[in-house]
């Protein structure tokens, strides 16, 4: 098994608002050669808040981890134990289409804007991402995301 810290089911975690998890930290957890591996492991190990993601982000992570069936399997096993996996992406499609048009200049935006739509629907601001695009995406009222993995240095 690829090493990633164990985290109990997120239902046993804090009732604080969830942190949405982008594909990048999921990839880094299961790719020891990823430049963000250590930060992703530390984040998951130290986090006390519920973690939430969706199938587009998991699909992107599994695709990037295609170099190893074991890494893909371990990602999916870990995700079902440690993440709340949102099941409403299909209902978000109209909003995702609008967001894709709004952010058309950003590459590969489907998984990202599906997380934006998720954040809007659940009124969440915190995201765990290594993707700088989350400094561009805006929530209603032009509110920025609070990226818990961004560095201030």
Single residue of 105, 153, 131, 112 found to be modelled with pLDDT under 95 and crowded, with 20+ Cβ neighbours inside 10 Å: 131
Index of the failed condition, residue 20 passing every other in (1) within 19 Å of residue 114 (Cβ to Cβ); (2) assigned to a helix (DSSP H, G or I); (3) in contact with a strand residue (DSSP E or B) (Cβ under 7 Å, 6 or more places away or on another chain): (2)
Members of the stretch 42-71 that are out of contact with any strand residue (DSSP E or B) (no Cβ under 9 Å at 6 or more places or on another chain) and assigned to a loop (DSSP other than H, G, I, E, B): 65, 66, 67, 68
Residues of the stretch 92-111 classified as in a helix (DSSP H, G or I), under 18 Å from residue 59 (Cβ atoms) and in contact with a helix residue (DSSP H, G or I) (Cβ under 8 Å, 6 or more places away or on another chain), total: 6
Residue check for residue 83: surrounded by 15 or more Cβ atoms within 10 Å (Cβ to Cβ) and closer than 21 Å to residue 59 by Cβ: yes
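The values are calculated or read from the model by the stated rules, or taken from the named source; none is laboratory data. The structure presented is a predicted model; accordingly, all values stated were derived computationally and were not measured. Glycine also receives a Cβ, built like all others from the backbone with ideal geometry; neighbour counts cover every protein chain displayed.
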